[in-house]
Amino acid sequence: MALSRLHCCLLLASLLAGNAASAATSRARGPPEEPGSDGIILKMESDPLAMERSGFHVQSAAAADAAGALGRPIGRHLRRIKLRAGEQLEQRLQHLRGMQGVTYAVPDMRIFPHRVRTTDDAAAAAAPARATAHEQEVAEMLHGLPKRKTYEHQWGAGRIGLPAAWSIATGSASKAGAVNLCVVDSGVDLKHPDLVANLVAGFSAVDGDDEDRPDDQVGHGTTVHGVIAATGAGGGILGVNWGNINVMPCKFMSAAGWGQTSDAIQCLDWCIGQKASIISASWSSGQLGNQPLEEAMARTQAAGALLVVSAGNQGADMAHTPYFPQAYSAQFDNMLVVAATDEYDEHAFFSNYDPNTVHLSAPGQWIYSTIVGGGYNFSSGTSIAAPFVSGSAALLLAAAQDRLGKTLSAMELKAALMDSSEKVKALKGRTATGGRLRTDWALQELLGLELSQPTPCQAKPGDKKKCRGADKQSEGGSKEDSEQEKDNNKSEGAVQARSIDGAERRTDADTGRRHSRRTAALPPPVQA
């Protein structure tokens, strides 16, 4: 209900007097709200700015300080209040929560990236090159593929079937009609030669920044952007969408290496305002629930955006040790949480997991991508696995629009990526699908085409088992492994294969491959 003028006056006066009241209040008992919180997010029952616009003003000697007392607006009915010198968080929270007209007052929690660990030059030189000569040959033959010397470093591209996927689409048919994908992170190197062509106007929510210049001061966001949309123009790498895509960087992490919930909320709302179809988020706010962030995520669902979130790098079973916002995946259908795999199709040692929280896996160890300053390096983390999925979702959406003349909802994109994942024994019980991303299969199933061959597996040095991938029998795995894999394909696929365009599909238990009953030729692009 709306505040009366009297209540509004009392609220403003009480906010202004907060410091004095907190000084006289004993320290609150109980566990701290969240280490590192240095501000408060306040939600009010009525918007003070709307009251001011309607002609209502506080009549007091401190009226000129009213805006400062209410903090900075960060959304509808939301304000961010910075703690003053010597002020205690718990005391101020207790004070605010006791006032009329306050829906809630919570710590402005810090949010940390699922940090990509960049190697030094010596380690990078020894990094595994997992792409096979055949995959390199196919990729270089693709029409319009930029020639570069580093494709052999992109083992992840081959593992998720990108050479075959790129024979169908490398992005949208035109820049004007390209998919809008928003990356909520530390910004991006706005001058990186492999990124500039696919970047569009961005936004920075960080205090003191030029709002129109989301320059990356951390490096995390630039690496994420490269996986999604590097064009190869700089001779470095190709992202999942190296053709046309509109990538909108939204910066909420400062040079300190972390960001505030209040700034992440502003970025999520900005992405919605820019009509982003896909939002990529590789970060978390810790093990405590985060109500303002939860509400912002609900707004992404209401807006129809697919929200791709990295699982986190604590190596935790999130059934017992939940992290947020990942733990909200059960309540938001538009969320797609991504774990990481290594070059042997093993679950990466650092990746969080839980089949009730995490949906599928993607390459996330020793991934070659863009870095600040125009260069490239190897990185690891679920932060770099999630953008493989974000980019694949954009590629799928582009193909649907250009080839079929239709769009796909967030739920349709999510189902298509999960249903087409390649089942891997080592991932059983780690995610809902027990599978690793296959971008080519998702595209082929969408368009009713016969699927590519299963991913060739890679023998792990020193491991007695010769094959760790999905197609164990063909690579010399034991009969026992092969039979177990059959059982996995029959019973462990958490999401049954469903067709978006009505084409029926089945699973071949002998090979673990899904085939299309339809083998129609690739549909021509829809004419504008």
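The values are calculated or read from the model by the stated rules, or taken from the named source; none is laboratory data. Nothing here was measured: the structure is a model prediction, and the numbers come from that model. FYI the Cβ positions are ideal-geometry reconstructions off the backbone, even for glycines, and counts take in every protein chain you see. Ligands, DNA and RNA are stripped out before the accessible areas are found, and what is left, the full protein with its side chains, is counted by its heavy atoms. Shrake-Rupley method; radii C 1.70, N 1.55, O 1.52, S 1.80 Å.
From the square roots a ≥ b ≥ c of the eigenvalues of the alpha-carbon gyration tensor of the range 361-442, which class results: rounded (a/c under 1.5), prolate (a/b over b/c), or oblate?
Oblate, since a/c reaches 1.5 and b/c is not below a/b.
Over the alpha carbons of the range 216-347, what is the largest minus smallest coordinate on each principal axis, giving the biggest first in Å?
Between the extreme Cα coordinates on each principal axis of the range 216-347 lie 43, 39, 31 Å.
Pairs of alpha-carbon atoms within less than 8 angstrom and 6+ residues apart define the contacts here; what relative contact order does the range 270-359 have, in percent?
31 percent
If Lys and Arg each add +1 and Asp and Glu each add -1, what is the summed charge of the other residues whose beta carbon sits under 13 Å from the beta carbon of Asp207?
-2
Using the structure shown, select from Lys191/Lys251; Lys43/Lys82; Lys82/Lys275 the pairs with a Cα to Cα distance greater than 24 angstrom.
Those over the limit are Lys82/Lys275.
Counting other Cβ atoms within 10 Å, keep those with at most 14, restrict to DSSP loop, and tell me which trypsin sites (Lys or Arg not before Pro) in the range 364-414 are left.
Passing both the DSSP loop test and the Cβ count: Lys406.
From the backbone phi of the range 241-258, what are the Karplus-calculated ³J(HN,Hα) couplings (6.51 cos²θ - 1.76 cosθ + 1.60, θ = phi - 60°) in whole Hz, Gly and Pro given as x?
Karplus-based 3J(HN,Hα) across the range 241-258 equals 9, 8, x, 7, 7, 9, 9, 10, x, 10, 9, 10, 9, 8, 4, 5, x, 8 Hz.
Quick check: residue separation of Lys275 and Ser174 times 0.36 nm, minus the Cα distance between them. What number comes out in nm?
Extending this stretch completely gives an extra 34.6 nm.
On the full set of protein chains, 1.4 Å probe, figure out the accessible area of His95 and give it in Å² to the nearest 10.
Roll a 1.4 Å probe over it and His95 shows about 40 Å².
Can you list which of the chymotrypsin sites (Phe, Trp or Tyr not before Pro) found in the range 294-386 are DSSP loop residues with at most 10 other C-beta atoms within 10 Å?
Listed in order of number, the matching sites amount to none.
Would you mind classifying the range 301-434 by shape? Square roots of the alpha carbon gyration tensor eigenvalues, ordered a ≥ b ≥ c; an a/c under 1.5 is rounded, otherwise it is prolate if a/b is larger than b/c and oblate if not.
Oblate.
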